[in-house]
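Here's the structure we're looking at; comments come further down.
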Amino acid sequence: MITTDRSAFRAALPQGGRLLGLDVGSKTIGTALCDAGWSFASPAILIRRTKFTADKAALVAMIADQQVKGIVIGLPLNLSDGSESPRSQSSRAFARNMADLGLPIFLQDERWSTQAVERQMIAEDLSRAKRAERVDKLAANYILQSAIDALTMA
């Protein structure tokens, strides 16, 4: 199941469970994990993209090792009007290629993730080099935290 409907995703995971957040880029995949109770997200590893089969194998190993029950993938929408873009279609294709794992997949609006993370790192006075090496993991964390906040709203 791939959805943008948080109610449908929540219904697919009635017992909760760890979630894996992904910020899928053309060169890297930033990852983040949350606890089984969906309280907080934490940045995890950065996967340098090679071939899809190798990228997927790394994610499958992480899913098995961390006992992940669902996946949240950032959906890059146009900032101006929220419409889909070519990057959105790329994220949807990535989700379709992960669907055979049998885990529910939630596509989370990620319009402001990179900008928010960049602003925070600049405020922390991190150098450009340090920001570049951390931005994708932190964006995945932002995407996942936004999703679990929305999923747990009363």
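A few comments on the model shown:
- Of the residues S26, S85, S80, the single one that is open to solvent by less than 80 Å² (accessible area, probe 1.4 Å) and either of a type outside the set (A, V, I, L, M, F, W, C) or at positive phi (or both) is S85.
- Selected residue (only one of A32, A12 is touching a Gly at 6+ places or on another chain (Cβ under 9 Å) and under 15 Å from Q145 (Cα atoms)): A32
- Residues of segment 27-49 that turn out to be more than 14 Å from the chain's Cα centre (by Cα) and under 17 Å from A95 (Cα atoms), as a count: 2
- Residue match in segment 88-96 (condition: open to solvent by 20 Å² or more (accessible area, probe 1.4 Å) and either of a type in the set (D, E, K, R) or at pLDDT 95 or above (or both)): yes
- Residues (touching a Pro at 6+ places or on another chain (Cβ under 6 Å) and surrounded by 15 or more Cβ atoms within 10 Å (Cβ to Cβ)) located in segment 1-12: F9, A12
- Odd one out for A64 among (1) at negative phi; (2) modelled with pLDDT under 95; (3) of a type in the set (G, A, S): (2)
- Residue within segment 36-59 that is modelled with pLDDT of 95 or more, within 16 Å of Y142 (Cβ to Cβ), open to solvent by less than 50 Å² (accessible area, probe 1.4 Å) and not acidic (D, E) present: no
- The condition (being under 23 Å from D149 (Cβ atoms), in contact with a strand residue (DSSP E or B) (Cβ under 7 Å, 6 or more places away or on another chain) and modelled with pLDDT of 95 or more) is satisfied by just one residue among V24, V72: V72.
The values are calculated or read from the model by the stated rules, or taken from the named source; none is laboratory data. Please read these numbers as outputs of a predicted model, since none were measured by experiment. Because the Cβ atoms are built from the backbone with ideal geometry, glycine has one as well, and the counts that use them run over all protein chains shown. Keep in mind that these areas ignore ligands, DNA and RNA; they rest on the heavy atoms of the full protein, side chains included. Shrake-Rupley method; radii C 1.70, N 1.55, O 1.52, S 1.80 Å.
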